[in-house]
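Since the structure comes first, as structure tokens, the remarks are kept for the end.
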Amino acid sequence: MSGFFIRRLMQGVISIIGASIIIFVISRLSGDPILMLLPNDAPTSMIEETRRNLGLNRPLWVQYLIFAQNALVGDFGNSYRWKMPALKLILDRLPATIELAMCGLLFSVAVAVPVGVMSAVHRGGWIDRIGRVFAMLGQAMPAFWVGLLLILVFAIKLNWLPAFGHGSWSQLVLPAISLGWYPVAAQTRIVRSAMLDVLDSDHIRLSRALGTPERLIIWKYALRNAAVPLLTMLGVYFAAMLGGAFVVETIFAWPGVGRTVVEAVFARDFPVVQAGVLFTSVLFVMSNLLVDLSYGLVDPRIRNGR
Amino acid sequence: MLLSVRDLQTHLHLKRGVLRAVDGVSLDVAEGETLGLVGESGSGKTLTGLSLLRLLPKGSGRIVGGSIKLDGQELTTLSEAALARDIRGRKIAMIMQDPMTSLNPVFSIGDQVGSPLRNHDIARGAALRSAVVDVLQRVRLPSPADRLGDYPHQFSGGQRQRIVAAMAIGCTPRLLVADEPTTALDVTIQVQIINLLRSIQADTGAGIILITHDLGVAASLCRRIAVMYAGQIIETGPVRAIYRSPSHPYTKALLAAIPRLGAKRARLTAIAGQPPSLIDPPTGCRFAARCTLRMDKCAEAPPNVTLSDGHSAACWKLV
Ligand SMILES: Nc1ncnc2c1ncn2[C@@H]1O[C@H](COP(=O)(O)OP(=O)(O)OP(=O)(O)O)[C@@H](O)[C@H]1O
Ligand SMILES: [Mg+2]
């Protein structure tokens, strides 16, 4: 397994380097930050002075190398806007984003697993049919739309839950659902088809022939098999949550990395954008690696390095 | 009689029509006896075995007639819950065809072998562990106590079949249905598994139905044989009688198809023609289309003719 793990680690490192180059180039294509930092009537000499101080007058590849070298030791420079280390700004916001992404993922899995299992067990029954309708709805509704809809219904019309903010669990509900909504459909399908396969396997037939109660057959012996394909995808979904968080955090005024980066983009606050995106890609890679590990926990054939 | 099946009819309701997979099967198994159920692929052997446990393909399979009595208790009318609780794995256990796929890949063998014991409340806690070790010792799995945490992929095919056997005999069932337990294994392992089944029977006194299309295996394990063709039993009798004086033309053809001279194994493949479709089968003798001795009368269903004690066959030639 270690060889496999090291290979995945190397792939992860390459992905992060790739992401850093892309975000570095794109952010610099988006416009000149100097114009946002200085008053409109600033003299040219002052503009040149600031540009030199920030290192923005050097060739792009030199800027990147300096950036990469500093990034390696965790120095992303100071935020142009907040005059504090960009990394610290991101790290401060990170727990809120992880909290949201985890809850979003939890929501999607908590819906997808039982619905997927029951759709497979009662194939063609009413759960299966309703599940299919929801799957279609889920795919047709992007996160921002679900978010706005939820705010409209549960915050404004019914006044059950707050529309924004961070701190209590009630403020977490709507953003977590908006974030977790989209992957529910795909996850349900994964669980459903995996369950259908497993329920038709010889070992389940043997289990039945030996009198195992149906409840255990479904929720223990079949589900652990069916969980393997979902688990392999969880890293991808967690990463998708991090991506989706950029939109959802902005809608719900959630003080996470996503909203911070979005604001930094509008302010052309390069260090914060770079630190935020790079950090997200590190999380992305790490969540995939964690999944490779947990995959082994669930599937003994992988754990034992077959 | 331990098991007594009378005129069993199992249908599969498929899109193509109603498939009469088991069509009037009667058989008896005494305590401690091994009955061989022999026949070509598709003749309905597995579905006969599954019918005993009422584990038919979900949605399509149904027992539509006949009776199954175990120790005098009628099983066809028993509720699903009672079947799972008192019969499956407890009084009747089934070993499936393929040991490579019969074990759950993501559960340790300790869990799997312990599962029937737990579900039928035979043992719990520390007693469960020692019961699992004990039953694995009985199937002669090497050093079982050290391997309870191992997973199926860490065992060979022969070892897996032993583990499957351990799952089946854990609750000392009265009847063991072994569905081609050796087909997927190589010859030396087959012999080991056959010996294992013999010793299980000596230990527990269970009745065994051995489903096979390997006549060599059937001859070495069984006292009586029932030959199945197209959903019906066409000849049944003691092994010696069937081998010495096979009476149904199909049985004769089967035995003739065994290669001579030291070849121990034989597959039932060498008869010209195909068995009839079980959706809309012929009204008369189902073997007639392939039979070299066919007569006009064969268009009517043949009677079951008793030839000697316990030996009977269904053929007009014998009347
Ligand atoms: N799940 C199923 N769906 C449709 N038809 C089935 C199913 N299971 C069995 N059959 C059909 O029922 C008939 C009897 O099948 P069965 O499995 O009992 O045969 P068998 O004698 O065990 O054969 P084999 O030696 O190949 O295992 C066959 O015609 C088979 O095609
Ligand atoms: Mg079969």
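Across every pair of non-identical alpha carbons in the stretch A:37-157, the mean reciprocal distance, once inverted, gives a Kirkwood radius of 19.9 Å. Per residue, the protein assembly as shown exposes 46 Å² of solvent-accessible protein surface, assessed with a 1.4 angstrom probe and all protein chains in place.
Annotation: amide H of B:Gly24 within the under-5 Å range of B:Leu8, B:Gln9, B:Thr10, sequence separation 5 or more or interchain, hydrogens built in the peptide plane. Chains B and A together bury roughly 2200 Å² of accessible surface, counting both sides and using a 1.4 Å probe on protein heavy atoms. Each principal axis of the stretch B:1-154 carries a Cα extent, and these read 50, 34, 29 Å when sorted largest first.
Longer than 29 Å from Cα to Cα, which of B:Lys45/B:Lys317; B:Lys69/B:Lys297; B:Lys69/B:Lys252; B:Lys15/B:Lys91; A:Lys220/B:Lys91 are they? Say none if no pair is. Listed pairs above 29 Å: B:Lys69/B:Lys297; B:Lys69/B:Lys252; B:Lys15/B:Lys91. The largest-to-smallest principal axis extents of the Cα set in the protein assembly as shown are 120, 53, 49 Å.
Spacing of the modelled spin labels on B:Thr283 and A:Gln69, each 7 Å from Cα toward Cβ, amounts to 9.8 nm. Backbone geometry of the stretch B:160-171 corresponds, through the Karplus equation with coefficients 6.51, -1.76 and 1.60 at θ = phi - 60°, to 3J(HN,Hα) couplings of 5, 5, 5, 5, 4, 4, 4, 4, 6, 9, x, 9 Hz, x marking Gly and Pro.
Stokes-Einstein diffusion of the stretch A:90-192 at 25 °C, 0.890 mPa s viscosity, Kirkwood radius from Cα pairs, rounded to a whole number: 170 µm²/s. Pair-distance distribution P(r) for the stretch B:3-318, from all Cα-Cα distances in 20 Å bins starting at 0: 32, 56, 12, 0 percent. For chain A, adding -39500 (n - 2.57) for each run of n ≥ 4 DSSP H residues and dividing by the number of residues yields -24500 deg cm²/dmol at 222 nm.
Mind jotting down the distance between the C-alpha centroids of the stretch A:5-33 and the stretch B:30-103, whole Å? Cα centres, the stretch B:30-103 to the stretch A:5-33: 61 Å. Once the chymotrypsin sites (Phe, Trp or Tyr not before Pro) in DSSP loops with at most 16 neighbouring Cβ atoms within 10 Å are cut out of chain A, the longest remaining piece is A:165-306. Rounded to the nearest 0.05, what FRET efficiency do B:Ala126 and B:Ala30 have when you use their Cβ-Cβ distance and R0 = 51 Å? Calculated value: 0.85. Applying 1/(1 + (r/R0)^6) with R0 = 41 Å to the Cβ-Cβ distance of A:Ile6 and A:Arg123, what FRET efficiency is obtained, to the nearest 0.05? E between A:Ile6 and A:Arg123, to the nearest 0.05, is 0.45.
Across every pair of non-identical alpha carbons in the stretch A:86-303, the mean reciprocal distance, once inverted, gives a Kirkwood radius of 18.7 Å. Surface composition of the protein assembly as shown: carbon plus sulfur atoms contribute 61% of the solvent-accessible area (1.4 Å probe, protein chains only, all chains present). Computed from backbone phi with θ = phi - 60° and the Karplus coefficients 6.51, -1.76 and 1.60, the 3J(HN,Hα) list for the stretch B:203-210 is 5, 9, x, 5, x, 10, 9, 9 Hz; x is used for glycine and proline. Rounded to whole numbers, the Karplus 3J(HN,Hα) couplings from phi for the stretch A:221-232 are 6, 7, 4, 5, 5, 5, 6, 4, x, 5, 4, 5 Hz, using 6.51 cos²θ - 1.76 cosθ + 1.60 with θ = phi - 60°, and x at Gly and Pro.
The values are calculated or read from the model by the stated rules, or taken from the named source; none is laboratory data. This one's a predicted model, so the numbers in the text were calculated from it and none came from an experiment. For neighbour counting, all protein chains shown are included, and Cβ atoms are generated from backbone atoms with ideal geometry for every residue, glycine included. The area values use the complete protein model at the heavy-atom level, side chains included, leaving out ligands, DNA and RNA. Shrake-Rupley method; radii C 1.70, N 1.55, O 1.52, S 1.80 Å.
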